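Take a look at the structure set out below.
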Amino acid sequence: MTTTELDGGSERGPLPPRALIVTLLGLYVREFGGWISVSALIRLMAAAGVDEQAVRSSLSRLKRRGIVEAERRDGVAGYALSEYARQVLEVGDRRIFARPGQHSHDWVVVVFSVPESERQKRHALRARLSWLGFGTVSSGVWIAPGHLADDARAVLLGDGLDPYVDLFRAEYLAFGDPADKVAQWWDLASLGQLYTDFLDTFEPARAGWAAQPQVRPGPQAFADYVRALTSWRRLPYLDPGLPTELLPDSWSGTRAAETFFALHQLLAGPAHDYVTAEAGAARRG
């Protein structure tokens, strides 16, 4: 689906317009042939509370970053997804919409060494590993649960970073409590707070929609779904998917996932129908 890799958003704070736009692009524009008119984008983002000036400004930023490309079709101004954006969205689909599950207890370990003359590659490696959900054992040794091995291999190869990296599968043998080690390798307190913030924001919406006998297509269903997904899609990239027994007792991630997937089930269909109708209306003028 969508990722902060595309919109450049941070994990905290209000949702910037460009993040909401990237969510819309990832959810619907591939279905529309990878292109959407400017008028349709403006019309849809208005329902999410984003004004026209903010939409145009955000599109300019996304164009400069190589996420979208300006393109006219049948004389209509619009934007197409770049090939880079399509690739990132495909990776994100698997990560963002995967329900949390019980994973094996092996680990994937990345060991890297980058010459000082190429220190920009060192920064790129650390950024990519953080984005994938790896924790830091030491400056050149990063770790994640074993189920992230395939994603790590694909991303490092795709970015041309593989010459600097050795990738291992491992089992922790000694000399400490794995739960204590995990707390050193990841900032679970900050991640847990992000999950709590998500619950505080979207659990009331989930309860409200669940109480309705039927959810119909409309701007509110669309807006709530896009905002929930934009907030949620940051979290699977920060959360490595650790086994339950290694997490704090007060862990809020499980409840946050239940809330997101309940909203997804309630709102995805009505939001899609609303977008299809609005995009068609924009094409007709």
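Inside the range 172-252, counting only helices (runs of 4 or more DSSP H) that do not spill past its ends, which hold 3 or more residues that are within 23 Å of the chain's Cα centre (by Cα), over 30 Å from V109 (Cα atoms) and not assigned by TED's automatic domain parsing to the domain that holds L27?
Because the criterion is at least 3 residues that are within 23 Å of the chain's Cα centre (by Cα), over 30 Å from V109 (Cα atoms) and not assigned by TED's automatic domain parsing to the domain that holds L27, the helices (runs of 4 or more DSSP H) in the range 172-252 that meet it are 188-210, 219-232.
Quick check, is R99 of a type in the set (K, R) and either part of a helix (DSSP H, G or I) or in contact with a strand residue (DSSP E or B) (Cβ under 9 Å, 6 or more places away or on another chain) (or both)?
Answer is no for this residue.
Of the conditions (1) assigned to a loop (DSSP other than H, G, I, E, B); (2) without any contact (Cβ under 8 Å) to a residue 12 or more places away in the chain, H123 fails just one. Which one is it?
All conditions are met except number (1).
Please find, within the range 132-143, the residue that is nearest to V114 (Cα to Cα) out of those that are out of contact with any helix residue (DSSP H, G or I) (no Cβ under 7 Å at 6 or more places or on another chain) and in a strand (DSSP E or B).
Here the residue is V141.
Please find, within the range 141-172, the residue that is surrounded by the fewest Cβ atoms within 10 Å (Cβ to Cβ) out of those that are in contact with a Phe, Trp or Tyr (Cβ under 7 Å, 6 or more places away or on another chain) and among the aromatic types (F, W, Y).
If we take residues in the range 141-172 being in contact with a Phe, Trp or Tyr (Cβ under 7 Å, 6 or more places away or on another chain) and among the aromatic types (F, W, Y), then Y172 is surrounded by the fewest Cβ atoms within 10 Å (Cβ to Cβ).
Of the residues that make up the range 93-102, is at least one in contact (Cβ under 8 Å) with a residue 40 or more places away in the chain and on the phi > 0 side of the Ramachandran plot?
The answer is no, given that none of the residues of the range 93-102 is in contact (Cβ under 8 Å) with a residue 40 or more places away in the chain and on the phi > 0 side of the Ramachandran plot.
Check the range 145-156 and report whether any residue there is part of a helix (DSSP H, G or I), farther than 15 Å from V109 by Cα and either free of Cβ contacts under 8 Å to residues at least 40 places away in the same chain or of a type in the set (D, E, K, R) (or both).
Scanning the range 145-156 turns up no residue that is part of a helix (DSSP H, G or I), farther than 15 Å from V109 by Cα and either free of Cβ contacts under 8 Å to residues at least 40 places away in the same chain or of a type in the set (D, E, K, R) (or both).
The values are calculated or read from the model by the stated rules, or taken from the named source; none is laboratory data. All values reported here derive from a predicted model rather than from experimental measurement. No Cβ is skipped: glycine too gets one built from the backbone with ideal geometry, and neighbour counts run over all protein chains shown.
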